[in-house]
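The values are calculated or read from the model by the stated rules, or taken from the named source; none is laboratory data. Predicted model, so just to flag it, every value in this text is computed and none were measured. Cβ atoms come from the backbone with ideal geometry, glycine included; neighbour counts cover every protein chain shown. When the accessible area is computed, the model is the full protein with side chains, heavy atoms only, and any ligands, DNA or RNA have been set aside. Shrake-Rupley method; radii C 1.70, N 1.55, O 1.52, S 1.80 Å.
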Amino acid sequence: MPPKLPIYLDNNATTAVDPRVLEAMLPWFSQHYGNAASRSHAFGWRAEAAVTEARETLAEAIGATPKEIVFTSGATEADDLALFGACRANRARGSHVVTSMAEHNAVLDPCRQLEREGFEVTFLLPDRFGRTSAEAVAGALTEKTVLVSVMAANNEIGTLNPIAEIGALCKSKGVLFHSDAVQAFGKEPLDVHALGVDLMSLTAHKLYGPKGVGALYVRATNPRVRLQPLILGGGHERGLRSGTLNVPGIVGFAAAARLALAGREDEQASIRALKDRLWDGIRAQIPEVALNGPPTERLAGNLNVSFAGVGSDALMLSMKQVAVSSGSACTSASVEPSHVLRAIGVPDELAHASLRFGLGRFTTAEEIEYTIAALADAVPKLRAASPAWQMRA
Ligand code: PLP
């Protein structure tokens, strides 16, 4: 059966809200609409109870305790709170931060701002697969290091980092460790104690929950992490993040986490099989393609491929029925080649020829076959129309 068009293969950018998540959220808009901070009536108590339950669900999902979960507007805010909050609150302990050049801009931009505030930041060059090793982090630590920030899974090329090893290193050196685990949550096992993280950023919209809600895990003991809040006014979330809580969003976030964790291994196995079929199909039908990112130790649903001689914008235009992205959708306003592909040494012309496919829960085998056929049709035509490619061939 032909698939319904257009086809959505951009699940690293965002995901559809699962209908079961939407159903869980709906009553919290117009039926139970109380403010979770209203202590004087049943509407408020009900909303607060829903937030408490969601907090417990999310804490359990990552092996934390409920009071270690701070709800935010998403992972950009969680990353900002982790970096600014930990660095500014612990300035007396040190003024050096270690991170990787392959991080999301939600980490890189705060790091650049911290530099302007007088912190020194080491941006580690990842290996050719986008990986940051514990040895590389160890080599960068100084007496002044206060925080290390390394993502669990890369949003562009799917690399899984050795978070537990980096966590153990940081613990042994008494340095705080933050991980942006947005892309790994619900896909890879994440236990804050096993990983040794002190701060961890999450967002709902990458795991079939709503946009605009996320969380920061903040370790409460061994060590108790101190943070300076970014948003003041009301003292919500134990004073770490003021503002009326997004109750429907929080309920949806917890429902999404519950669903993702319940079926995680089976779901990831079937997504991985579809991703492997996509890569096998591309390789079988199109010469001169290259995988960006690691061959193994990667997210099940991510595939980032360079099609030599073909501009990614032209390729996306010639297969408008397939929604993919080039570089990172989060930075698609810029025409610069992806900073992640640059960091792993992909030459600019191949970075400009790359597409990111993000498969997810609702991807079907028919959609993958359609996509392979669309690529096999478009790439040779674009190559044939390219004088540079013809001269080279
Ligand atoms: N970190 C990573 C790794 C991401 O992929 C994203 C995606 O947008 C973010 C942070 C930002 O999250 P949010 O959209 O919830 O602000």
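General observations
- Cα lying deepest toward the dipole's positive end in the range 225-342, options A273, L341, A256, charges on Cβ: A256
- In the context of the full set of protein chains, the range 287-393 has a per residue accessible area of 44 Å² (1.4 Å probe).
- Relative to the Cα centre, the charge distribution of the range 174-277, modelled as +1 at Lys and Arg Cβ and -1 at Asp and Glu Cβ, gives a dipole magnitude of about 200 debye.
- Considering only S306, S326, S318, the mean-square fluctuation computed in a Gaussian network model of the chain, springs between alpha carbons under 10 angstrom, is largest for S318.
- Size of charge dipole - the chain - debye, nearest 20, with Cβ of Lys, Arg +1 and Asp, Glu -1, no other charges: 580 debye
- Under the span-like rule (Cα at least 27 Å along the axis, Kyte-Doolittle mean at least 0.0), DSSP H helices of the chain: 365-384
- Accessible surface calculations at 1.4 Å, restricted to protein heavy atoms, place the range 19-262 at 40 Å² per residue.
- Expressed to the nearest 5 percent, the antiparallel share of DSSP beta bridges inside the range 19-262 is 40 percent.
- Net charge in the neighbourhood of Q321 (other residues with Cβ under 15 Å of its Cβ; Lys, Arg +1, Asp, Glu -1) is -3.
- Residues of the chain were split at every exposed loop site, defined as trypsin sites (Lys or Arg not before Pro) in a DSSP loop with at most 14 other C-beta atoms within 10 angstrom, and the longest piece left, sites excluded, is 227-319.
- 15 Å Cα-Cα reach of K173 towards aspartates and glutamates, excluding residues that sit fewer than 8 places from it in its own chain: E135, E143, E165, D198
- Long pairs among K67/K187; K211/K381; K206/K381; K275/K381; K187/K381; K144/K211, criterion Cα-Cα beyond 28 Å: K211/K381; K206/K381; K187/K381; K144/K211
- Whole-percent carbon and sulfur share, accessible surface of the chain, 1.4 Å: 55 percent
- Computed [θ] at 222 nm, helices only, for the chain once each DSSP H run of length n ≥ 4 contributes -39500 (n - 2.57): -12000 deg cm²/dmol
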